[in-house]
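Working notes, beginning with the structure itself.
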Amino acid sequence: MAVTALGVGPGVLVLQAIWGSALLLCLALSRAAGRARFAAALVALGAAGLSAALLLFPREDERPAAAATEEIVDTLLIGRFILLALMSLVLVGCLFLLLIYHLMDPVYAKPLHSR
């Protein structure tokens, strides 16, 4: 069994460190002047490429260990579906309010000045 830190394995921590340092470097490069500002895109592409390489070449065997004979039952399935339905309704309501109050905001014409 792999050693975990904060409940996650070392691979997740490495990916988090890569993207955290890429974010800080992109923020630092966004303040730069001239052509150095466009290097932030290269940093993001480099972090994405390194992440893809780490995700495509796993270190351990991909086949899971032999499963136990115990049957796992999700007893909170109905509660999770109710929570999902409530969250979906709130999302639809928020999108409706965004449509009404932000996207359909009236634009008033400016008065014409006569000479």
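Look at the stretch 1-50 and say how many of its residues are surrounded by fewer than 11 Cβ atoms within 10 Å (Cβ to Cβ) and in a loop (DSSP other than H, G, I, E, B).
So the count comes out to 7.
Assuming Gly79 fulfils every condition listed in (1) assigned to a loop (DSSP other than H, G, I, E, B); (2) surrounded by 10 or more Cβ atoms within 10 Å (Cβ to Cβ) apart from one, which condition is it?
Only one criterion in (1) assigned to a loop (DSSP other than H, G, I, E, B); (2) surrounded by 10 or more Cβ atoms within 10 Å (Cβ to Cβ) is unmet by Gly79, namely (1).
When residues of the stretch 1-47 are filtered for being of a type in the set (D, E, K, R) and touching a helix residue (DSSP H, G or I) at 6+ places or on another chain (Cβ under 9 Å), how many remain?
The total comes to 2.
Values quoted throughout were computed directly from the atomic coordinates according to the rules given, and no laboratory measurement underlies them. What you are looking at is a predicted structure, and each value in this text was computed from that prediction instead of being measured. A quick note on method: Cβ atoms are made from the backbone with ideal geometry, for glycine too, and the neighbour counts reach across all protein chains shown.
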